[in-house]
Amino acid sequence: MRVVVIGAGVAGLALARGLLAAGHDVEVYEESPELRTAGGSVSLWPGSTAILDELKADYSGVGRRLETMESWASDGRMLLTVDLTAAERRYGHPVVHVARSELVELLADGVPVTYGARAESVSPERAEARLADGRTVRGDVLVGADGRRSAVRQALWGDDSATLSGWVTWQGFTLRPTRLTEARRAVMMAGREGLCGLIPAGEGRLLWWFDVAAAPGTPLWGDDPDPVAKLRARFGGWGDPVPGILDTITELDFFPHHKHAIPDVWGKGPTTLAGDSAHTMPPTMAQGANQALEDAWLLTRAIDGDPAGLAARLRAYERARAKVARRPARIAATEATDKLQRPLAALLPDGLVTRWYTAFLRRASNYLLTAS
Ligand SMILES: Cc1cc2nc3c(=O)[nH]c(=O)nc-3n(C[C@H](O)[C@H](O)[C@H](O)COP(=O)(O)OP(=O)(O)OC[C@H]3O[C@@H](n4cnc5c(N)ncnc54)[C@H](O)[C@@H]3O)c2cc1C
């Protein structure tokens, strides 16, 4: 089949890779003049590392395998530890943390992408897109993998863009060695001031991020003239290694949290969506890239088959994914992990939470639900 994919992010690239391997003709159109490698790093749960194996995207040389996910109080006291090796043993695939740049470069390898090609308007019933340069491209299937501000979603559903959750992330990498840089621990420290996350991403990098409640026009929104000073004032009294990391900040990215309502089906006729265009969610459950890979995996299977039943298979793909993607999206939308939960976290036994989290990872993955 001829498949037109709009957008060369995680969803579009993973989908194109799977479809090419299955023998389809695939065209990927990306508005940016080159692969967009910006951003921090992302955690990939066992369903995603399994999907990367199927896509023959060898991640063994990038990022860092994680063994624990820990909740600390803002003074640095350990409150709770989730053993991520339990999920690795249960599902046979590890949890790894990789730079977004490395993930998209791995996925893009061997995928022909037309850069500088923005889809301006889309005719869903005809699987057709008009590009900014005036060309019209048409497939047997058209997939909008064009992210949160999706032109394809707009054509399908009109103006139902994602809404702000009320929280934002400021993030970056530090290369100054800390006690966590060479560890295999993901740490989340929560306090009244917000949340600080710290995860090693390999190559001597430690991803740090600060989540704070902020809205347009308030301090620590993206146009704040001095976010570094405000982060230092707010989090400077926290436990090690936060003050040292705040000292190293020279550059930082702003990432407002958005959420979508996820409908039961999100396509029409031969046109569908994948990734953030279908289900943007705040990053607090670390699921955005994972849900994009899940979409790509299931959609590759839906496209393969008799052309006569294609539209029905696309709707079945959407239903199956909507049901599963809503689970992390609902929790992420509450921003629960950003909120101070010290008494609760300290009371919960590590083993119980590890069992819950291991089961949750399966419930958030069509791949794992099918395979295990
Ligand atoms: C530059 C960038 C940095 C990011 N950094 C982080 C981060 O640090 N941490 C994190 O958790 N998540 C980050 N994300 C989001 C994360 O990658 C996504 O949540 C997740 O991977 C889902 O990916 P996606 O492919 O659905 O969407 P995206 O990654 O947003 O990719 C969509 C792609 O479609 C392209 N596109 C958009 N509109 C059009 C159009 N009309 N025509 C053609 N192409 C179009 C975009 O340029 C983009 O390359 C980032 C995304 C981007 C694009």
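Here, each number is a calculation from the coordinates, and none is a lab measurement. Quantities reported herein were computed from a predicted structural model and do not represent experimental measurements. For neighbour counting, all protein chains shown are included, and Cβ atoms are generated from backbone atoms with ideal geometry for every residue, glycine included.
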Summed over the other residues with a beta carbon less than 13 angstrom from that of Lys230, with K and R at +1 and D and E at -1, the charge totals -2
Between Lys56 and Val228, how many nm apart are label points set 7 Å from Cα along the C-beta direction?
-> 4.5
Of the peptides 137-148, 246-257, how do they stack up when ordered by the mean number of other Cβ atoms within 10 Å, highest first?
-> 137-148, 246-257
Direction-averaged shadow area of the convex hull around the Cα atoms of the chain, nm²?
-> 17.4
Taking neighbour Cβ counts within 10 Å as the exposure measure, how do Lys339, Lys259 sort from fewest upward?
-> Lys339, Lys259
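So, with +1 on the Cβ of K and R and -1 on the Cβ of D and E, and no other charges, what is the size of the charge dipole of the chain about its Cα centre, to the nearest 20 debye?
Here the chain has a charge dipole of around 1060 debye.
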Distance between Cα centroids, region 238-276 to region 91-117: provide it in whole Å.
-> 17
Length added when fully stretched, Arg2-Arg355, from 0.36 nm per residue minus Cα-Cα = 122.8 nm
Residue list for region 7-40, given a label point 7 angstrom along the Cα-to-Cβ vector of Arg135 and an amide N cut-off under 13 Å = 27-31
What number comes out for the charge environment of Thr81, summing +1 per Lys or Arg and -1 per Asp or Glu over other residues with Cβ under 9 Å away?
-> -2
Length-normalised contact order of region 154-276, Cα under 8 Å, at least 6 apart, in percent, tallies to 32
Lys323: which aspartates and glutamates have alpha carbons under 16 Å from its alpha carbon, excluding same-chain residues fewer than 8 sequence positions away?
-> Asp264, Asp276, Glu294, Asp295
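Work through the residues other than Pro200 whose Cβ is under 9 Å from its Cβ and net out their charges, Lys, Arg +1 and Asp, Glu -1.
That works out to +3.
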Which of Trp221, Trp72, Trp356 has the fewest Cβ neighbours within 10 Å, and the rest in rising order = Trp356, Trp221, Trp72
Please find, in a Gaussian network model of the chain (springs between Cα atoms separated by less than 10 Å), the residue of Leu195, Leu344, Leu231 whose mean-square fluctuation is greatest.
-> Leu344
If we count other beta carbons within 10 Å of each Cβ, what is the order of Ile245, Ile331, Ile303, fewest first?
-> Ile331, Ile245, Ile303
Estimated FRET transfer efficiency (Thr114, Thr250; beta-carbon r; R0 35 Å; 0.05) = 0.50
Computed over the chain: relative contact order in percent, which uses C-alpha pairs under 8 Å that are six or more apart = 22
Under the rule rounded for a/c under 1.5, else prolate if a/b exceeds b/c, else oblate, using alpha carbon gyration tensor axes a ≥ b ≥ c, region 112-154 is classed as rounded
Stretchable slack from Arg90 to Asp240, in nm (0.36 nm times residue separation minus alpha-carbon distance) | 50.7 nm
